[in-house]
1. If the chain between LYS97 and ALA54 were fully stretched, how many nm would it gain, using 0.36 nm times the residue separation less the Cα-Cα distance?
2. About its Cα centre, what dipole magnitude does the chain give when the only charges are +1 on Lys and Arg Cβ and -1 on Asp and Glu Cβ, stated in debye to the nearest 20?
3. In whole Å, how far is the Cα centre of the range 1-54 from that of the range 58-105?
4. Tell me the label only: which of (1) 7.8; (2) 7.0; (3) 10.8 is mean projected area of the Cα convex hull in nm² as calculated from this structure?
5. So what is log10(I(q)/I(0)) for the range 49-105 at q = 0.16, 0.22 1/Å, when the Debye sum runs over its Cα atoms only?
6. Run the paramagnetic zone check for TYR14: 7 angstrom along Cα to Cβ, then residues of the range 33-63 with backbone nitrogen under 17 Å.
7. Please give the FRET efficiency for ASP89 paired with SER5, using the beta carbon to beta carbon distance and R0 = 41 Å, rounded to the nearest 0.05.
8. Ordered by residue, what ³J(HN,Hα) values in Hz, to whole numbers, does the range 71-76 give under the Karplus form 6.51 cos²θ - 1.76 cosθ + 1.60, where θ = phi - 60° and Gly and Pro are x?
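Bear in mind that the values in this text are calculations on the coordinates, not laboratory data. Since we're looking at a predicted model, the values are computed, not measured. Cβ atoms come from the backbone with ideal geometry, glycine included; neighbour counts cover every protein chain shown.
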Amino acid sequence: PIAESNNFIVLDRYRQEWKVAESYQSEDDLEQELIQDLVNQGYEYLPSLTNPEALLANVRVQLQALNQVTFSESEWRRFVETYLDKPSDSSVDKSRKIHDDYIHD
């Protein structure tokens, strides 16, 4: 960007990404479009995240990098079992933690 304010951005160059399909999309097409949108926004796509264990391993890596800490195995296990993936919490409870109560100490 050349200039940026709360109301606008002036670009030195515009590159059109890709067009959204105007017709019916299958679930797979919709998923691929979402993934491409996120990649275009700078997110890294990790196709290996296909199960809860892989997801938790990635969360651990990202939290350690974000907070500049290294969890020991016992610290990580306690954090997961008592907060992040508490067995007694429903999916809604877990989602609320991430969105509303994301600071845990």
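1. Values: separation 43, 0.36 × 43 = 15.48 nm, distance 1.99 nm.
Extending this stretch completely gives an extra 13.5 nm.
2. Charge dipole of the chain: 320 debye, to the nearest 20.
3. Each part's Cα centre sits 27 Å from the other's.
4. Comparing each candidate, only (3) matches the computed number.
5. -0.51, -0.99
6. Output list for this probe position: empty.
7. 0.45
8. Rounded to whole hertz, the list is 7, 6, 4, 5, 5, 5.
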